[in-house]
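Structure, as structure tokens:
The values are calculated or read from the model by the stated rules, or taken from the named source; none is laboratory data. Source: prediction; values computed, not measured. Here Cβ is always computed from backbone atoms with ideal geometry, including for glycine, and neighbour counts include all displayed protein chains.
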Amino acid sequence: MSVKVTYTPTAPAPIKKYTLTISYVFEDGKTASNTYTEQLEEGTPYSVISPTIANFLPDLPAVSGTMETSDVNVKVTYKATQAAAIEFSEGSYTAVYEQSANISVVIKDQTGHVMPGKEVVCKIAGVLPQGQTTDANGQVTFSTFSLLEPGSYIVKMECDGIYAETYLHVLKATVWLDARGKNFKQYTQTKRYTVKLISIVDEKGIKGERLYLKINGKTYKATTDAKGKATFKISKLMKKGKFTATVSLTDNPFYNDIIKNVKIRIV
């Protein structure tokens, strides 16, 4: 007796394929490049180089791995490396002689995001360039340099080869004139009258400034010393009486005009 056995081959199980999807975006979520998709069998290794985009770097230079038993979705984010805009905090700036103000700028990339850690150089005519690095908010602030003489200056900012300009207007400073009334004896031939010019910034005397004294139709000149004191030598004022004297600082390139009337008595 014989038995005939028939074998039916079993078909191999089909290998499943899954989808690898890679999206490329900027930091604000906007599309940076076309989405990459590919059907891969499970267990298949893959390595996809991220596209090159000028002035941007991807957080993943390449997407690599082995296909899993489900679809794989990867997002590659591009961060700007090149500054695209320098934005001043104001349209123009004003400072006062001997007093510093601040000029602030924000550095942004092509997508409008602020850029921390960027080197910014500030240039103002007659002043050595200054460099600072932007903070976490993409901002940097420069002093307007208190020794700039009154006038208008162009302020230039530079970052990554891009430039922006604005104006700085330095105004004359206001000072304090300490001038008080005084009595003189009639027969003193040369009457010495002393006043003091004082800075309102540090309350110290201001050296080397020409002051004027007008009394009884005559004008006298005197220059302040290291302590800000100016002494007028009044001559030919021998008549007894009360006189109004005018002490002034006028047409000065650094300070606003100041005029003060005092009473001088000859007794």
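List of remarks:
- Where a residue in segment 66-88 is over 23 Å from C159 (Cβ atoms) and its partner, wherever it lies, is hydrophobic (A, V, I, L, M, F, W, C) and outside any loop (DSSP other than H, G, I, E, B), with Cβ under 6 Å and at least six apart: M67/L40; V72/L20; V74/I22; V74/V63
- From the list L128, L57, the lone residue that is part of a strand (DSSP E or B), outside the structural domain of V201 (by TED's automatic domain parsing) and in contact with a Ser or Thr (Cβ under 9 Å, 6 or more places away or on another chain) is L57.
- Which listed residue, of L213, L249, L237, is modelled with pLDDT under 95 and crowded, with 18+ Cβ neighbours inside 10 Å: L237
- Which listed residue, of Y167, Y193, is aromatic (F, W, Y), in a strand (DSSP E or B) and under 41 Å from the mean Cα position of the chain (by Cα): Y167
- Test: residue in segment 207-226 that is under 30 Å from C122 (Cβ atoms) and in contact (Cβ under 8 Å) with a residue 24 or more places away in the chain: no
- From K233, K204, K239, K185, residue being closer than 20 Å to E149 by Cα and not assigned by TED's automatic domain parsing to the domain that holds S100: K204
- Test for N102: is it more than 26 Å from K16 (Cβ to Cβ) and outside the structural domain of G138 (by TED's automatic domain parsing): no
- If you go through segment 196-210 and keep only what is outside any strand (DSSP E or B), at pLDDT 95 or above and among the β-branched types (V, I, T), you end up with just I206.
- Residue satisfying all of: in segment 238-264; of a type in the set (A, V, I, L, M) and in contact with a strand residue (DSSP E or B) (Cβ under 7 Å, 6 or more places away or on another chain); farthest from T188 (Cα to Cα) among these: I258
- Test for K79: is it charged (D, E, K, R) and either more than 30 Å from T35 (Cα to Cα) or surrounded by fewer than 16 Cβ atoms within 10 Å (Cβ to Cβ) (or both): yes
- Complete set of residues in segment 134-171 that are without any contact (Cβ under 8 Å) to a residue 24 or more places away in the chain and either charged (D, E, K, R) or crowded, with 17+ Cβ neighbours inside 10 Å (or both): D135, E165
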